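Peer 1: Here's a structure for you.
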Amino acid sequence: MSINNVKGTHDIIGKEAENYGYVENIMAQISSFFAFQPVRPPVLEYSELFVRGVGESSDVVRKEMYTFLDKGDRSLTLRPEFTAGIIRLIVQNKLIPVNELPLKFYYCGPVFRYERPQLGRYRQFNQFGVESVGHNSPYADVEVISLAYTILQSLGLENVVIKINTLGDETSRNAYRNALRDYFKDKVANMCEDCKQRYELNPLRILDCKVPEDQMIVRGAPKMSQFLSLESQKRFLKVLDALREMNIPYEVDDTLVRGLDYYSETVFEFHYTSQKGNNYGAVGAGGHYDKLVHEIGGPDAPGVGFSFGVERIVNVLVDDGLIDNNPGLNLDIYVMPVGEESQARAINIADDLRLLGYKVDMCFDNVKLANMFKRAEKKNAKLAVIIGEEEIKNDTLVVKNMATKEQFEINVDDMEEKIDAMFTKKHHCCHDGEKEDGHQCCHEEKEKHHRECCEGDECECQKEGK
Ligand code: AMP
C-alpha cells in the first residue's frame, strides 16, 4: 500500500515551488529596504513558550498545537506561529539592551496548526512576516503596515483592503473585558461550548466566534471604542492620520480583535478578493503587543509585526493571472544527441551553454529525433541543439529555432556569438550587445553587465576599461 502525505499538508512541486520562491524573494527584498534583517528561529520550541506567549485562551494554544514529548520527556511544539519564537530569540540572545531599537527582523518558513483543512487552510503552511521590537512609537506600527502594503502592491495586488482597529492599552482592555462579561453573562449559556470557555478565559475571544447564532448575539455587544483610554485614542489617531497622509487605504473595523492573546493597541488584517470575485479572506494580519517580551522573560518592551500566509498569496496571484502555474520548464535550449555515442559530447555542450547564461536541459534517452522535438516543445524550449556523428566529426552543431522552425549549422567555435544573436533577452538593456553610448558589451562580463545595466549602474566591463 502506498503512503500518502499527512492530511492538511501539501506538496509544492516545480513551477509552483518557483512561485513560492518568487513571492518570498520579493517579500524579503522589500523588507530589507525597510531595514529589516532576516532571522531563522527553529521550528521546534518548548511548548511553554507558546502557552505563555500566544496565550491560553487562544484557539491556537487550546486546540491547534502539534505538541509531543520527546525522548527526554520534554514537551515540545512545532511552531504554530513565529512571533513567540522570535521574541524568545531576542530575549535569550540579549539583543535588546545592546542594540538600537527597534530591532527589525523578518522571517519565512513553515508553521503547523491542527485546523480543519479546507480551501486556503492547511495544517502545515508557510508564513512570511516581520517583527519590530522595542519601540512604542505609533509610527513603528505605521512602518510595518506600510511595508506589508508595499509588498502586496509590488506583487501586483491592487484590491487589498486593510481592516484596522485598536484594542487599547491594558486599562482600556480590562474595562472592555468587564463590560463584555456583563453583556454575555445571561447569554453565554445559549452559546457554543467554545464561547463558554472563552467567557471564562477571555471574553474578547467571543467576538471572533464564527457560529452564525453566536454572531447575532455578538452584534449587540458593547464596542471597544467606548472603553478606550485617552492615550490609546490619541495613539490610534496618529496611526490613522499617518496612513492617510501616506495614501494607504484602510477601513476601521471595530469588531476586529485577532485570534492571538498578545495583541494590544493597533491590530490589522489584509483582506483580498481576486479580480474574478473569489474572496480569500485575510492574506495577512498583525498588530502591536505590549507584554509579550516581558511574558517571555525579557524587559518591558513593546513590539509590532505582521504575518502573511504565503499559500494564500500565491493562490491569489495565480487567480489574478499575475503568475502562472503552468508546469512547463520554459527552457532556453534543449540539447538533443542523436545516437548514444553523441551523449558525452552533448553533455559537454550543454554545460558550455549553461556557463553562457542559458537555461539548458538535455535528452538522456536514445530516442528518435521526432520524439526529442516533442520533448523540446513540451519544455517550451526556444532553441533545439542537435548533435550527431557528423556534427562531432566536423565540430559543428545544428541549431533549430523552435518558433520559426529555421534550422542551420554553426561551428562550435562560433557557438557563443551565434546563439547569443538568437536571444534578444540578454541585450534588452543594451541594443544588440551595445550600450546606448555605443560601448561594446564584452562577452565575459555579459551576465553581470546585463544585471548592472538594468539596475542603472556603471557597466562592469566599462569600469575595467574594456
Ligand atoms: P495569524 O498568524 O493567525 O495571524 O495568521 C496570519 C496569516 O496566515 C493569515 O492571515 C492567513 O493568511 C495565514 N493563515 C493562517 N492560518 C492558516 C492556515 N491554517 N492555512 C493557511 N494559511 C493560514
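The values are calculated or read from the model by the stated rules, or taken from the named source; none is laboratory data. Everything numeric here is computed off the predicted structure, so don't read it as measured data. Every residue, glycine among them, receives a Cβ derived from its backbone with ideal geometry; neighbour counts consider all protein chains shown. Surface accessibility is based on the protein's heavy atoms, side chains included, excluding ligands, DNA and RNA. Shrake-Rupley method; radii C 1.70, N 1.55, O 1.52, S 1.80 Å.
Peer 1: At ALA421 and VAL211, where each label point lies 7 Å from the Cα along Cα→Cβ, what is the point-to-point distance in nanometres?
Peer 2: Placing both labels 7 Å beyond Cα along the Cβ direction yields 7.6 nm.
Peer 1: What are the residues whose amide H is under 5 Å from the amide H of ASP169, where those residues sit 5 or more places off or on another chain and H is modelled from the backbone?
Peer 2: Under 5 Å from the amide H of ASP169: SER229, SER232, GLU265.
Peer 1: What ³J(HN,Hα) values, in whole Hz, does the Karplus curve 6.51 cos²θ - 1.76 cosθ + 1.60 give for region 67-83 when θ = phi - 60°, with x put for Gly and Pro?
Peer 2: Result, rounded to whole Hz: 10, 8, 8, 7, 5, x, 6, 8, 7, 10, 9, 6, 3, x, 6, 9, 4.
Peer 1: Could I ask something else about it? Can you send over the carbon and sulfur percentage of the accessible area for the chain, probe radius 1.4 Å, protein chains only?
Peer 2: Heavy-atom surface of the chain belonging to carbon and sulfur, 1.4 Å probe: 49 percent.
Peer 1: Working from the pairwise distances between different alpha carbons, so that the mean of 1/r is found and then inverted, what is region 1-141's Kirkwood radius in Å? Can you show the working numbers first?
Peer 2: Values: mean 1/r = 0.0590 Å⁻¹.
For region 1-141, the Kirkwood estimate is 16.9 Å.
Peer 1: For a label point 7 Å from the Cα of GLU341 along Cα→C-beta, name the residues of region 368-399 whose backbone N is under 16 Å from it.
Peer 2: 387-396
Peer 1: Still on this structure, I have one more. For region 145-272, give the share of DSSP beta bridges that are antiparallel, in percent and rounded to the nearest 5; count only bridges with both residues there.
Peer 2: The antiparallel proportion sits near 80 percent.
Peer 1: Taking 7 Å along the Cα-to-C-beta vector as the label spot, tell me the ASN93-ASN394 distance in nanometres, rounded to one decimal.
Peer 2: 6.1 nm
Peer 1: Any chance you could give the angle, 0 to 90 degrees and rounded to 10, that helix 170-184 forms with the longest Cα principal axis of the chain?
Peer 2: Here the helix axis deviates by roughly 70 degrees.
Peer 1: I've got another one for you. Sorted by mean Cβ packing within 10 Å, highest first, what order do the peptides 77-84, 411-418 take?
Peer 2: 77-84, 411-418
Peer 1: For a test of the definition: using alpha carbon positions, the gyration tensor, and the 1.5 limit on a/c, classify region 333-424 as rounded, prolate or oblate. Write down the numbers at each step before the final one.
Peer 2: Numbers: a/c = 1.39, a/b = 1.08, b/c = 1.29.
Rounded, since a/c falls under 1.5.
Peer 1: While we're on this one: Just from the alpha-carbon atoms, what are the Rg and Dmax of region 100-210 in angstroms?
Peer 2: Calculated on Cα positions, Rg and Dmax stand at 18.4, 51 Å.
Peer 1: Note the angle between two axes, namely the Cα long axis of helix 138-154 and the longest principal axis of the Cα atoms of the chain, as a number of degrees from 0 to 90, rounded to the nearest 10.
Peer 2: 40 degrees
Peer 1: Are there any trypsin sites (Lys or Arg not before Pro) in region 2-60 that are in a DSSP loop and have at most 14 other Cβ atoms within 10 Å? List them by number.
Peer 2: LYS7
Peer 1: From Cα pairs below 8 angstrom and at least 6 apart in sequence, can you work out the relative contact order of region 333-424, rounded to a whole percent?
Peer 2: 29 percent
Peer 1: So for the chain, taking the charge dipole from beta-carbon charges (+1 Lys/Arg, -1 Asp/Glu), which of SER225, ALA350, THR266 sits furthest toward the positive end?
Peer 2: My answer, from the dipole projection, is SER225.
Peer 1: Follow-up. Any chance you could look up the accessible area of ILE13 with a 1.4 Å probe, heavy atoms only, rounded to 10 Å²?
Peer 2: 120 Å²
Peer 1: Nearest 0.05, what FRET efficiency do PHE34 and ARG181 give at R0 = 41 Å with Cβ-Cβ as r?
Peer 2: 0.55
Peer 1: Roughly how many Å² of GLU18 are accessible to a 1.4 Å probe, to the nearest 10?
Peer 2: 100 Å²
Peer 1: Compute the Cα gyration tensor for region 112-164, then decide on rounded, prolate or oblate, letting a ≥ b ≥ c be the square roots of its eigenvalues: rounded whenever a/c is under 1.5, prolate when a/b is larger than b/c in the other cases, and oblate in all that remain.
Peer 2: oblate
Peer 1: Something else: How high is the relative contact order of the chain? Use alpha-carbon pairs under 8 Å, at least six apart in sequence, and give a whole percent. If you can, show how the numbers build up before the last one.
Peer 2: Numbers: 762 pairs, mean separation 64.1, N = 466.
Taking the mean separation of contacting Cα pairs over the length of the chain, I get 14 percent.
Peer 1: Rank these residues by their accessible area, most exposed first, probe 1.4 Å: HIS135, HIS288.
Peer 2: Descending accessible area places them as HIS135, HIS288.
Peer 1: Quick one: go through region 396-425 and flag any residue whose amide nitrogen is under 19 Å from the point 7 Å out along the Cα-to-Cβ line of ASP351.
Peer 2: Counting only backbone N, you get 396-397, 412-416.
Peer 1: Still on this model: Against the longest principal axis of the chain, how steep is helix 230-245, in degrees 0 to 90 to the nearest 10, with axes from Cα atoms?
Peer 2: With rounding to tens, the tilt is 30 degrees.
Peer 1: Per residue of the chain, what 222 nm ellipticity follows from adding -39500 (n - 2.57) for every DSSP H run with n ≥ 4, rounded to the nearest 500?
Peer 2: -11000 deg cm²/dmol
Peer 1: Would you mind computing the Rg to Rh ratio of the chain from its alpha-carbon coordinates, Kirkwood style for Rh?
Peer 2: Looking at the chain, the ratio lands at 1.09.
Peer 1: Just how far, in whole angstrom, is region 149-205 from region 356-401 if you go by their alpha carbon centroids?
Peer 2: 61 Å
Peer 1: Could you check the simple spin-label distance between ASN380 and PHE68, using points 7 Å along Cα→Cβ, in nm with one decimal?
Peer 2: Those two pseudo-labels are separated by 3.9 nm.
Peer 1: Hey, another quick one. Where does each of 348-355, 197-204, 289-296 land if you order them by average Cβ count within 10 Å, highest first?
Peer 2: Ranked from most to least packed, the peptides come out as 289-296, 197-204, 348-355.
Peer 1: Leaving out ligands, DNA and RNA but keeping every protein chain, what accessible area does THR255 have, in Å² rounded to the nearest 10, with a 1.4 Å probe?
Peer 2: Its heavy atoms expose roughly 80 Å² to the probe.
Peer 1: Using the structure shown, list the pairs from LYS378/LYS405; LYS187/LYS234; LYS368/LYS393; LYS7/LYS71; LYS15/LYS379; LYS163/LYS210 with a Cα-Cα distance above 23 Å, or answer none. All intermediate terms of the calculation are to be shown ahead of the outcome.
Peer 2: Details: LYS378/LYS405 15 Å; LYS187/LYS234 34 Å; LYS368/LYS393 20 Å; LYS7/LYS71 25 Å; LYS15/LYS379 12 Å; LYS163/LYS210 18 Å.
Flagged as over cut-off: LYS187/LYS234; LYS7/LYS71.
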